[in-house]
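Colleague: First, the structure itself, so that you have it in front of you.
FYI, it's all coordinate maths here, none of it is from the lab. Values in this document were obtained by computation on a predicted structure and should not be read as measured data. So basically every Cβ, Gly included, is an ideal-geometry build from the backbone, and we count neighbours across all protein chains shown.
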Amino acid sequence: MRVKKYLSVTALSVIAVTVLLPILFTFSASLMSNVEISRNFGDASRDGSFTPFHIFPSKLAFDGYLELLIRNPNYLMRFWISLGICMCISSGQLIISILGGYAFSKFRFPLRDVIFYCIIILMMLPYQVTVVPTYIVIRELGLINSYVSLILPSIFSAFGVFLMRQVMSAIPDSILEAAKLDGANTFTALYRVLVPCCSSGIAALTVLSFVDAWNMVEQPIVFIKDTFKQPLSVFLLAVNGENMALGFACGVIMIIPVLFLLLFFEKQLVSGIGYSVMK
Amino acid sequence: MKNKTLIRASLVFFIALLGFTFVSYSVYNASLPVVTTVMTEKGSIVQSTTTSGELFEENAEICVKFSLPFSEDSKVQPINNVTVEYNSLITYLSEFDEVIAEKVEPVTSIASIKSRAISEDQTCMEYVAVLDSPEGDVLMKSNTNITVSSKSEGYSYIVPSSCVRRDADGDYIFRLIERNSLFGKEYCVERVTVTIKAQNGHQSAIDSQDILISAQIVYSTTLPLYNGSTVAVQ
């Protein structure tokens, strides 16, 4: 029993180190100078060469942070743009998903299950499959090169509708019937009764949609032609090639909002995702 | 308790980032190189060389003898005349032809090339030119300056010589470009490789594969410029 426990702890520790090492490396490399990064990792891309294991900075340098926070406002402006886009997408997804989940779980209408299965099929499709039709629609709407082109296609999430449907299905219909007996209409019942009951699912969806939007790369590359309009997630690729210390500092700044969100909704996220595996 | 700490921490983080955004925006604007620009012009370049010469009289004509390096010969050949500045005794007469004053003054006249030959030591070209219409009583032994000017062909792009920079990759200029940015319109400079077709002391005729008609070319800058540098225009 004790051996089994030690084995599981060792295995989990190895996995934890493997997962946490890149994050730790990002933090420590952001405190290295460009010279130190180039000296230690400059040959990383060369075939057949080994990169030395150099995780802690030999001398603290804040070049990346100085560039990011003081010298050039471009990166922080992109941070705010990314944040704005993510907040729009997250709130849009919440509204659409809650309404969709409400309809699929609490109403009976023709082809309800067929439409729901279509949504599940849509959920299985990789984004790359739908990118060309989405591009054509966005182009026809004249939205190419605007932030709306990022927000509009993303506010409908098949996974969000599916998750909210699962969460709402778990809530007994009798609660809604009681609310209706007390005089609540369809939307009041949703807003006053169902939504507070689904807080864990909503929190999980908020975190997942925010993280998804925060890390999006394909959509801005396809829909935003002006490079100066690109959000931080895309801009980070360009930064990494030119100034690695700055790239790592940007990486740290990018991690922090998501980290706050995950820590804030930690409990709800676990229980909310649990609904998605319910039948 | 944990949530309150998290909310406070996230508030501090976002407010700090907002503050840094404003600070970096101000620092960024203040640290931009300030450039002055000029427009390219169409036209020709007057190339001139000045040398000293010796005046003498021959067959009742005032002649001037001077020499030039072989490289300057091309300036003399096309137009076959030079500008000669010499001292002459100028007599001022009244309306009754009475001499009022006599002054030695510098005078400029055109002289036609009479002969050109390689010098004996074969180091330069020697010329003899005849003053077309000498003015006053020419002082033969005074200082004489000969200016050889040749007007070059017409060029599409003429810029001040200080616009043209040089490095290991050759001659180049910085062209000012307006572009959209996160902060609205901003100016940046673009490196354009050029070939110098002709040059005098202060102007250069340049040629480029890029079209430079009505382009604004960086004339001076307060900080070193690189291709793509964002600049402020004075």
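Colleague: Under a Cβ-Cβ cut-off of 15 Å, what is the net charge of the residues other than A:Tyr135 that fall near it, where Lys and Arg count +1 and Asp and Glu count -1?
Modeller: Numbers: positive: A:Arg139, A:Lys225; negative: A:Glu140, A:Glu218.
Local net charge: 0.
Colleague: Quote the FRET efficiency, to the nearest 0.05, computed for B:Phe13 versus A:Ala178 with a Förster distance R0 of 41 Å and r equal to the Cβ-Cβ distance.
Modeller: Details: r = 43 Å, r/R0 = 1.04.
So the FRET efficiency works out to roughly 0.45.
Colleague: Any aspartates and glutamates with Cα under 18 Å of the B:Lys42 Cα? List them, leaving off those in the same chain fewer than 8 positions away.
Modeller: B:Glu153, B:Asp207, B:Asp210
Colleague: Further question on the same structure: When averaged across all projection directions, what area in nm² does the alpha-carbon convex hull of segment B:109-234 cover? Walk me through the intermediate numbers first.
Modeller: On the way: hull surface 54.9 nm².
With the hull built on Cα positions only, its mean projection is 13.7 nm².
Colleague: Find how much the distance from A:Val270 to A:Arg192 grows on full extension, using 0.36 nm per residue of separation minus their present alpha carbon separation; answer in nm with one decimal.
Modeller: On the way: separation 78, 0.36 × 78 = 28.08 nm, distance 2.38 nm.
So the extension gain works out to 25.7 nm.
Colleague: Excluding the sites themselves, what is the longest stretch of chain B that contains no chymotrypsin sites (Phe, Trp or Tyr not before Pro) in a DSSP loop with at most 11 other C-beta atoms within 10 Å?
Modeller: Working: sites that count: B:Phe96, B:Tyr226.
Here the longest run is B:97-225.
Colleague: Measure out, as a whole number of angstrom, how far apart the alpha-carbon centroids of segment B:175-234 and segment B:67-120 sit.
Modeller: 42
Colleague: Now for a different question. Give me the extension gain from A:Asn145 to A:Leu60: residue separation times 0.36 nm, minus the current Cα-Cα distance, reported in nm with one decimal.
Modeller: On the way: separation 85, 0.36 × 85 = 30.60 nm, distance 4.01 nm.
Between A:Asn145 and A:Leu60, full extension yields an extra 26.6 nm.
Colleague: Next question. For chain B, with only Lys/Arg (+1) and Asp/Glu (-1) charged at the beta-carbon, what is the dipole magnitude about the Cα centre, in debye rounded to 20? Before the final figure, lay out the partial values.
Modeller: Details: 18 positive and 28 negative charges, 563 e Å.
Once rounded to the nearest 20, the dipole reads 2700 debye.
Colleague: Take the alpha-carbon centre of segment A:104-128, take the same for segment B:1-48, and report the distance between them in whole Å.
Modeller: Each part's Cα centre sits 47 Å from the other's.
Colleague: While we're on this one: Go ahead and estimate [θ] at 222 nm for chain A from helices alone: -39,500 (n - 2.57) per DSSP H run with n ≥ 4, summed, over the residue count, rounded to 500.
Modeller: Details: 14 runs with 193 residues, N = 279.
Value at 222 nm, helices only, nearest 500: -22000 deg cm²/dmol.
Colleague: Most fluctuating residue of A:Met77, A:Met32, A:Met87 in a GNM of chain A with Cα springs under 10 Å: which is it?
Modeller: The residue with the greatest mean-square fluctuation here is A:Met77.
Colleague: Moving to a separate point now. For segment A:35-158, list log₁₀ I(q)/I(0) at each q in 0.14, 0.16, 0.20 Å⁻¹, using the Debye formula over Cα point scatterers of equal strength and ignoring solvent, two decimals each.
Modeller: Normalising to I(0) and taking log10 leaves -0.88, -0.96, -1.14.
Colleague: At R0 = 56 Å, how high is the FRET efficiency between A:Asn215 and B:His202 if r is their beta carbon distance? Nearest 0.05 is fine. Each step should come with its number before you reach the end.
Modeller: On the way: r = 57 Å, r/R0 = 1.01.
It comes out at approximately 0.50.
Colleague: State, to one decimal in nm, how far the label point of B:Val23 lies from the label point of B:Glu178, with both points 7 Å from Cα in the Cβ direction.
Modeller: 3.4
Colleague: Then there's this: Test of understanding: express the Cα radius of gyration of segment A:122-248 as a ratio to 2.2 N^0.38 Å, with N the residue count.
Modeller: Details: Rg = 19.7 Å, N = 127, 2.2 N^0.38 = 13.9 Å.
Computed over Cα atoms of segment A:122-248, the ratio equals 1.42.
Colleague: A:Met32: net charge of surrounding residues, Cβ under 15 Å, Lys/Arg +1, Asp/Glu -1, itself excluded? It would help to have the intermediate numbers written out before the result.
Modeller: Numbers: positive: A:Arg39, A:Lys59; negative: A:Glu36, A:Asp63, A:Glu67.
Spelling it out: positives minus negatives among the neighbours equals -1.
Colleague: What is the spin-label model distance, in nm, from B:Lys185 to B:Phe70 if the labels are put 7 Å beyond Cα along the C-beta direction?
Modeller: Result: 5.5 nm between the two label points.
Colleague: Scattering from the C-alpha atoms of chain A alone, worked out with Debye: what is log10 I(q)/I(0) at q = 0.08, 0.09, 0.17 1/Å?
Modeller: Once normalised to I(0) and log-transformed, intensities are -0.47, -0.59, -1.32.
Colleague: R0 = 22 Å: FRET efficiency of A:Leu263 with A:Ser91, Cβ-based, nearest 0.05?
Modeller: Working: r = 20 Å, r/R0 = 0.93.
Computed FRET efficiency for A:Leu263 and A:Ser91 comes out at 0.60.
Colleague: Quick one: divide the alpha-carbon radius of gyration of the protein assembly as shown by 2.2 N^0.38 Å and tell me what you get. Walk me through the intermediate numbers first.
Modeller: Details: Rg = 39.6 Å, N = 513, 2.2 N^0.38 = 23.6 Å.
Against the compact-globule rule of thumb, the ratio is 1.68.
Colleague: How about segment A:105-136: which chymotrypsin sites (Phe, Trp or Tyr not before Pro) there lie in a loop by DSSP and see at most 11 other Cβ atoms within 10 Å? Present the calculation step by step, with values, prior to reporting the outcome.
Modeller: On the way: sites: A:Phe107, A:Phe116, A:Tyr117, A:Tyr127, A:Tyr135; in loops: A:Phe107.
Loop-located and lightly packed - A:Phe107.
Colleague: Still on this structure, I have one more. Most mobile of A:Phe109, A:Phe162, A:Phe223 per a Gaussian network model of chain A (Cα springs, under 10 Å)?
Modeller: Checking each option, the largest mean-square fluctuation is seen for A:Phe109.
Colleague: Each residue of segment A:165-175 in order: what ³J(HN,Hα) in whole Hz does its phi give by Karplus 6.51 cos²θ - 1.76 cosθ + 1.60, θ = phi - 60°, with x for Gly and Pro?
Modeller: 5, 5, 5, 6, 5, 6, 8, x, 5, 4, 5
Colleague: Give me log10 I(q)/I(0) at q = 0.11, 0.20 Å⁻¹ for segment B:1-157, Debye formula, one equal scatterer per alpha-carbon, no solvent.
Modeller: -0.65, -1.19
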